[in-house]
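Every read-out reported here was derived from the displayed coordinates using simple, explicitly stated rules and does not represent laboratory data. This is a predicted model, so every value here is computed, not measured. Don't worry about glycine lacking a Cβ; one is built from the backbone with ideal geometry, like all the others, and counts go over all protein chains shown.
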Amino acid sequence: MEIMDDFINSCNKALERENSSFRFVKGYITKITSDEEIESIETIFEYDQDTVKIRIDHALKLLTDKNNPDYRNSIKESISAVEAICRKISGKRNATLGNALEEIGKKNIIHPALKNAFEKLYGYTSDAEGIRHALLEEPNLSYEDALYMLVICSAFINYLIEKASLDK
């Protein structure tokens with residue numbers, strides 16, 4: 001595995017040196033704009049949170065599929081990863097993200113404004129455009145939409161894990 005990691009690091013350095021907007025992230029070639037985005041996603045895989053890792057890995061696969069990228073389901077998997085970690089932290093295994101965030105808020109793990117912000121992002125994924133709910137018409141989603149949700153959800157998961165002192 002060390003040889004593969006060295007190879008990926010060398011490739012990423014060469015891609016960065018050539019000002020490419022692509023990098024390897026967990027073995028997938030991905031259009032990324034910063035090292036911080038890569039780190040935010042890759043940090044997820046350092047934690048002992050299998051459901052979260054599976055969801056983020058699937059979101060990344062759906063985002064980077066060259067033949068058939070699925071931005072809608074990438075966004076769905078990203079927000080579902082947040083829901084999974086919030087369920088774990090709240091202790092409410094069957095809670096919706098909104099209910100789990102409410103419990104986390106009661107524990108004073110996050111500021112109410114951050115809780116509200118993620119409730120609104122969850123609302124974005126659940127609204128009439130139907131990102132999380134199958135509709136007859138596909139919403140007009142882009143790579144940038146799905147990448148934003150993957151990065152922001154990964155960053156929020158990392159933040160929650162640290163704030164809740166999981167995996168320590």
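Considering every alpha-carbon pair of the range 46-163, the percent of pairs per 10 Å bin, from zero through the bin containing the longest distance, is 14, 46, 31, 8, 0. Taken over the C-alpha atoms, the range 37-84 has Rg and Dmax values of 10.5, 32 angstrom. For the range 1-96, applying the loop criterion from DSSP together with a ceiling of 15 other beta carbons within 10 Å to the trypsin sites (Lys or Arg not before Pro) yields 66, 92, 93. Rounded to the nearest 20 debye, the dipole size of the range 46-163 about its Cα centre is 520 debye, using +1 on the Cβ of Lys and Arg and -1 on the Cβ of Asp and Glu. Taking a Cβ cut-off of under 12 Å around residue 114, the surrounding Lys, Arg, Asp and Glu residues balance to a net charge of +2, with basic ones at +1 and acidic ones at -1.
In the structure shown, do any of 31/115; 66/163; 13/92; 53/92 have a Cα-Cα gap over 31 Å, and if so which? With Cα atoms farther than 31 Å apart: 66/163; 13/92.
Distances between placed amide hydrogens fall under 5 Å for residue 25 paired with 30, all partners being 5 or more residues away or on another chain.
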